[in-house]
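Undergrad: Would you mind keeping the following structure in view while I ask a few things?
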Amino acid sequence: MALRIASAWVGQPPRAAKMETIDDADQWTVQESFRALRPMSRYTWPTGDQVYVSRASGEVVQFTTTASRIGAYLGPIPHWLYFTILRKHPPQWRSVVIWSSGIGTFAAITGLVVGVWMYSPSRQYRYAGAASGIPYSGQKRWHMIFGLIFGVGAATWAFSGMLSMDPLPTNTTGGPEARTGAATSGMPQALCGRPQLAAFIGAHPRDVLAHVAHAGVKELELASCAGEPVYLVHLGAGDTRIVALDGHVRAEFDRQQIVEIAAQAAAPTGLAEVRVLDRYDVYYLDRHRQRPLPVILVTLNDADRTRYYIDPKTARVVGTYGSRSRITRWLYHGLHSLDFPWLYNHRPAWDIVVVTFMLGGTALVVTSLVLAWRVLGRTLRRSSGGVNPVIRRIKPLRLSRTPRRRTFEGRLRAGGFRRSLDRLATSVNDRVLPSGSLNQATLAPPGAVQTP
């Protein structure tokens, strides 16, 4: 039976499938929601399609293709650290994400502060013979440029990523917010609760399918919504139909009846606002435009002004926002996805901004790695022995073309030069004169002419 279900799901012949039993989490069933669905049967076809069927319920619980798996390895898996060996241990995975994003936030803010502090609006430094506001050259210069432009984005991305793990303590003391949540948590159950199977005895699923045979049915669900037992017929592209037990087919439930049920569930606070949305708003939105529309927005008259978005086609809550989730919406989704209404509703402007920040962040990371590798390489070479590290660090003092001013880099090297002389007095006995002055022959480059 499971093979037939999987075969029908992908439209592939059953004989070509290879079956494996999944008793533990793999890369595509590592989330906690799959724990109760194991063991599973995984069917793989030569085309690369994979279908996971739960042996407990007989449902298709996961479907992947070769393209989707490659895309996941290049995107979501490294982005969320969804590696199976780590993700299958939720507490450890959560700690790693929180600490890594916290360190990334601190590093980004520190780099941004240093970059702003070092930048000279008066362009007092010299670079390639011209005035410059940046005191570095090479990779350091590019790193500072990218940091000044994209540093804020890097910091907010890391910070909002940490917020996705909800690292801050929540209200568990039974205060006003907790009591409000308890009072309104029955809204979804009041609208569409658990069906009573005895009510469906007189309506066989085969008869229901006959009423919608032309619609391309994907799933048939027994439900008790808006106060009546019905069959919810799920079609392609996320569409639905409601089939009553008497065979009557309709597209949605009575909206006034939904509002009345919501008002009863919201007692004693009652409803502050009820309206129908035929377009996404600042809280209920979807980049792919797949979330259902229109929806009924019900705002409760409580301290949190709790908002419920109800789909009239299924009488189910498809979105909820309280005071805490509204903060999360702006601090996490707003900063992480940049889904601000003034930008998000104007495509492709949003795409251009996001791609630009992604490219800038990538450049910032690459220059960071290059600089870090150079520092690490110098440290490893010094620890491996060889020429005295103090001598290796001494470089000629470079002055600005402007006679009255040295460059920032030159001033730093001048100070380092004097400190190096002090170190050489004790560490390079055979290359230092008794008075502590430096033997010029030691520091002169090969082929240089010595002055008397």
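Undergrad: Which aspartates and glutamates, on any chain, are close to residue 218 with Cα under 15 Å apart, when same-chain ones fewer than 8 places away are left out?
TA: 59, 239
Undergrad: Hey, what's the Kirkwood Rh for the range 188-344 if you take every pair of different alpha carbons, in angstrom?
TA: 17.1 Å is the Kirkwood radius here.
Undergrad: How big is the equivalent ellipsoid of the range 2-87 along its three axes, where each semi-axis is √(5λ) from the Cα gyration tensor, reported in whole Å from largest to smallest?
TA: Each semi-axis is the square root of five times an eigenvalue, giving 22, 16, 9 Å.
Undergrad: Taking the Cβ of residue 20 as the center, what net charge do the other residues with Cβ under 11 Å away carry, scoring Lys and Arg +1 and Asp and Glu -1?
TA: Summing Lys/Arg as +1 and Asp/Glu as -1 gives 0.
Bear in mind these aren't lab numbers, they're just calculated from the coordinates by the rules spelled out. Predicted model only: the values in this text are computed from it and were never measured. With ideal geometry, Cβ positions are generated from the backbone for all residues, glycine too; neighbour counts draw on all protein chains shown.
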